[in-house]
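Colleague: Structure incoming, see below.
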Amino acid sequence: MISVIIVTYNRKLFLKECLESILTKKANNEVEVIVIDNCSCDGTEDFIKNVFGDRVKFVKNKTRLNLWACKTMALNLASADKIAFIDDDCVASKNWLNEIKNSLADYNFVGGAVLPISNIRFPWWWNKSLNWLIGINVEPYKKFLPLGSNVAFNKYVLNALKDNNDIMLTYNQYLPYAEDNYRIRKALAMGFSMGINPNMIVYHQVPRKRLKIA
């Protein structure tokens with residue numbers, strides 16, 4: 001079984017698409033989905049519980065926490081020995097769960113590509129070198145580390161990280177992708193092996209307001 005962890009905040013419609021892309025897979029009887037709602041105020045809790053019911057483990061924080069704390073909370077609730085992370089505004093590809101399962105048989109943890117969802121229209125001035133700013137990583141580890149929106153670990157790796165001092169994360173929490181990079185760099189520094197699976201794909205929703213020069 002694979003436990004899929006999603007942290008959400010005020011994105012109930014994107015989250016619905018994300019959950020549907022995971023729960024409609026052939027392996028849905030072998031997946032556990034854990035959603036940590038980081039104090040949404042758009043009715044996310046009622047909406048998701050009404051649509052998905054007990055197919056999702058749903059926890060709403062009483063106060064807002066950083067991503068590291070949210071994901072650690074979810075990890076403590078996870079039943080599976082394989083843990084996958086995806087963002088609430090991403091959609092999993094058809095074979096995402098199977099690709100994760102196969103890759104984690106060979107590596108301690110694995111990252112995949114994050115592509116723009118098909119209906120995104122980029123402005124004429126857009127350059128692919130800007131993709132990392134909006135959470136797109138077509139070739140993970142060629143230039144940038146895999147993104148936290150498409151990475152999976154054997155649980156023993158995350159347990160080892162959880163037991164280590166996260167002081168560096170505290171000092172760097174406002175850097176882009178700090179939480180993602182910290183987890184991966186720490187795992188590599190501890191000697192865990194990382195695989196890159198180009199067929200392990202998620203598609204990222206990108207609002208128009210994030211495609212403006214400002």
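The values are calculated or read from the model by the stated rules, or taken from the named source; none is laboratory data. Keep in mind it's a predicted model, so treat the numbers as computed, not measured. Virtual Cβ from ideal backbone geometry, glycine too; neighbours counted across all protein chains shown. The area values use the complete protein model at the heavy-atom level, side chains included, leaving out ligands, DNA and RNA. Shrake-Rupley method; radii C 1.70, N 1.55, O 1.52, S 1.80 Å.
Colleague: Given the pairs Lys162/Lys212; Lys82/Lys128; Lys57/Lys142; Lys186/Lys212; Lys186/Lys209; Lys57/Lys101, which span a C-alpha to C-alpha distance of over 30 angstrom in this model?
Modeller: Check vs 30 Å cut-off fails for Lys162/Lys212; Lys82/Lys128; Lys57/Lys142; Lys186/Lys212; Lys186/Lys209.
Colleague: Once Rh is set to the Kirkwood radius over Cα pairs, what Stokes-Einstein translational diffusion coefficient, in µm²/s, holds for segment 31-126 at a temperature of 37 °C and a viscosity of 0.692 mPa s? Walk me through the intermediate numbers first.
Modeller: Details: Rh = 15.8 Å.
After rounding, the answer is 208 µm²/s.
Colleague: Karplus couplings for segment 188-197 from phi (6.51 cos²θ - 1.76 cosθ + 1.60, θ = phi - 60°), rounded to Hz, Gly and Pro as x?
Modeller: 5, 5, 7, x, 6, 8, 10, x, 10, 10
Colleague: Picking from Ser149, Ile196, Ile213, whose Cα lies most toward the positive end of the charge dipole for the chain (charges on Cβ: Lys, Arg +1; Asp, Glu -1)?
Modeller: The listed residue farthest towards the positive side: Ile213.
Colleague: Where only protein heavy atoms count, and the probe is 1.4 Å, what is the accessible area per residue for the chain in Å²? Please list the in-between numbers first.
Modeller: Values: 11260 Å² over 214 residues.
Each residue of the chain exposes 53 Å² on average to a 1.4 Å probe.
Colleague: By its C-alpha gyration tensor, with a ≥ b ≥ c as the square roots of the eigenvalues, how is segment 32-78 shaped: rounded for a/c under 1.5, else prolate for a/b larger than b/c, else oblate?
Modeller: Values: a/c = 3.13, a/b = 1.22, b/c = 2.56.
It comes out oblate by the Cα gyration axes.
Colleague: As a test, work out the antiparallel percent of DSSP beta bridges whose residues both lie in the chain, rounded to the nearest 5. Don't skip to the end; give the middle numbers.
Modeller: On the way: 12 of 36 bridges.
Looking only at bridges with both residues in the chain, the antiparallel portion is about 35 percent.
Colleague: Another question, then. Summing +1 for each Lys or Arg and -1 for each Asp or Glu, what net charge is found among the other residues whose Cβ lies under 13 Å from the Cβ of Ser79? Don't skip to the end; give the middle numbers.
Modeller: On the way: positive: Lys57, Lys82, Lys155; negative: Glu30, Glu32, Asp81.
Its environment carries a net charge of 0.
Colleague: At 0.36 nm per residue, and after removing the present C-alpha to C-alpha distance, how many nm does the segment from Ala105 to Trp125 gain when stretched out fully? Please list the in-between numbers first.
Modeller: Numbers: separation 20, 0.36 × 20 = 7.20 nm, distance 4.22 nm.
So the extension gain works out to 3.0 nm.
Colleague: For the chain, compute the orientation-averaged projected area of the C-alpha convex hull (one quarter of its surface), in nm².
Modeller: Details: hull surface 47.5 nm².
Computing the convex hull of the Cα atoms and averaging its projections yields 11.9 nm².
Colleague: Considering only protein heavy atoms and a 1.4 Å probe, what is the carbon-and-sulfur percentage of the accessible area of the chain?
Modeller: Numbers: 5820 of 11260 Å².
Whole-percent figure for carbon plus sulfur exposure: 52.
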